[in-house]
Amino acid sequence: MSSRKFKVSVIVPMYNVERYLQKCVDSLLAQTLKDIEIILVDDGSPDKCGAIAEKYAASFENVKSYHRANGGLGPARNTGIEIAQGDYIGFVDSDDWVHPWMFERLYQAAIRSHADIAVGGLEEWTDGKLNNIKGHPFAGKVLTSVDEISLPRMLLYGRDAKDKATTPYPVAVTTSIYRRSLFDKRAVRFHDVLSEDVFFNLDIYRHAHRIAFIDSCGYCYRKDCQASITRTFSPEKADRYACFFSLLAQYALREDDSESCLRRACRKMVDYARSYVFMVEKSSLSINEKVKAVNSLTSKVEFKRYCADYPANSLPSVQALFHRLLVGGHERTALMLTRLRMIARGEK
């Protein structure tokens, strides 16, 4: 094991991203923050990711490569956590990249504020063009008490029913760094579930004493048409969404304010059901297969338990219409509305 002291360890799980990996790793090597550790975790990738990682590790002292059998994003990140030596730990998805100053600004904010977690915003890129900048809603704030930290933590469950905002609250771990002692003392790890970032942040925010949110948006999220777990469809997806619904409800019911958290969680489930239909519509399935795929989720007991009775009139108007269609069994019409929305946004 290297005796070198690292300020930040960055964990990069890799699976079938050979085309994008060099841009990702090179952006980490270009960081203005010195003493950064880069951990490349080959999650049983069928392409050349593992070989590329080995070349980087052989060429740069601060790059480590690790190979494991395929187990998913969460377990691959957990492997990196076990290896990491930095004072803070960050995560970058291997088809994305970061600006050279990202980790220096996060680290400086954490040190300046004595924060356990530092959080930034992100940029969305499509086909090489910047199309959106998403600053964090709490940017510029340092939260220093349990009561203050409970505000963003509650939003991780979902928005309140009275909140008419249509933009999802950010839950991704990739715009943050986390003090490594939180992992060591609290044994916080990723679950092997859909949207593992939600549960990870719910766990780790509970143990944080200070969280600093910065104005910078250093993470570059690639929204090209590359295959990813969020953009492809398989028959097992409905089961994964149902498991997500169940686990989120379990988390909510363990909170002191369980009733409020469960209401928020149900709204998030409603939002996820809508995103599931968008995913189905983007697939190459026939229209009849798409209807069947949507029904495979709406017929789940978890959807009926947590989504069907959600008050549609509390949602923004278009979302309310969409939710009524799903609950009413009008899958074909919901898919048609989805297609129209995608055409209007230039996604079809």
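Please state which of the following conditions Val17 fails to meet, knowing it meets all the rest: (1) crowded, with 21+ Cβ neighbours inside 10 Å; (2) closer than 27 Å to Ile111 by Cβ; (3) β-branched (Val, Ile, Thr); (4) in contact (Cβ under 8 Å) with a residue 40 or more places away in the chain.
Result: Val17 passes all but (2).
For the condition of a type outside the set (Ser, Thr, Tyr) and in a strand (DSSP E or B), what is the one hit in Ile204, Ile177?
Of the residues listed, the single one that is of a type outside the set (Ser, Thr, Tyr) and in a strand (DSSP E or B) is Ile177.
When you go through Ala58, Ala30, Ala69 one by one, which is the residue that is surrounded by fewer than 22 Cβ atoms within 10 Å (Cβ to Cβ), in contact with a Pro (Cβ under 9 Å, 6 or more places away or on another chain) and either of a type in the set (A, V, I, L, M) or in contact (Cβ under 8 Å) with a residue 40 or more places away in the chain (or both)?
Ala30
Taking the conditions exactly as written (crowded, with 18+ Cβ neighbours inside 10 Å, part of a helix (DSSP H, G or I) and over 21 Å from the mean Cα position of the chain (by Cα)), does Ala76 satisfy them or not?
Spelling it out, it is not the case that Ala76 is crowded, with 18+ Cβ neighbours inside 10 Å, part of a helix (DSSP H, G or I) and over 21 Å from the mean Cα position of the chain (by Cα).
Would you please name the residue that is surrounded by the fewest Cβ atoms within 10 Å (Cβ to Cβ), looking only at residues in region 96-135 that are in contact with an Asp or Glu (Cβ under 7 Å, 6 or more places away or on another chain) and part of a loop (DSSP other than H, G, I, E, B)?
Here the residue is Asp127.
Taking region 139-158, which residues are surrounded by fewer than 20 Cβ atoms within 10 Å (Cβ to Cβ) and either part of a loop (DSSP other than H, G, I, E, B) or of a type in the set (Gly, Ala, Ser) (or both)?
Those that are surrounded by fewer than 20 Cβ atoms within 10 Å (Cβ to Cβ) and either part of a loop (DSSP other than H, G, I, E, B) or of a type in the set (Gly, Ala, Ser) (or both): Ala139, Gly140, Lys141, Thr144, Ser145, Ser150.
Restricting the search to region 118-150, which residues are at pLDDT 95 or above and aliphatic (A, V, I, L, M)?
Once the filter is applied, which keeps residues that are at pLDDT 95 or above and aliphatic (A, V, I, L, M), region 118-150 yields Ala118, Val119, Leu122, Leu130, Ile133, Ala139, Val142, Leu143, Ile149.
Within region 270-285, is even one residue under 23 Å from Leu151 (Cβ atoms), under 20 Å from the mean Cα position of the chain (by Cα), small (Gly, Ala, Ser) and surrounded by 15 or more Cβ atoms within 10 Å (Cβ to Cβ)?
Looking for residues that are under 23 Å from Leu151 (Cβ atoms), under 20 Å from the mean Cα position of the chain (by Cα), small (Gly, Ala, Ser) and surrounded by 15 or more Cβ atoms within 10 Å (Cβ to Cβ), one finds none in region 270-285, hence no.
Against the conditions (1) open to solvent by less than 60 Å² (accessible area, probe 1.4 Å); (2) in a helix (DSSP H, G or I); (3) touching a helix residue (DSSP H, G or I) at 6+ places or on another chain (Cβ under 9 Å), where does Gln22 fall short? Just the number, please.
(1)
The values are calculated or read from the model by the stated rules, or taken from the named source; none is laboratory data. For clarity, every value in this text was computed on a predicted model and none was experimentally measured. Virtual Cβ from ideal backbone geometry, glycine too; neighbours counted across all protein chains shown. The protein model used for the area step is the full one, side chains on, heavy atoms only, and it has no ligands, DNA or RNA in it. Shrake-Rupley method; radii C 1.70, N 1.55, O 1.52, S 1.80 Å.
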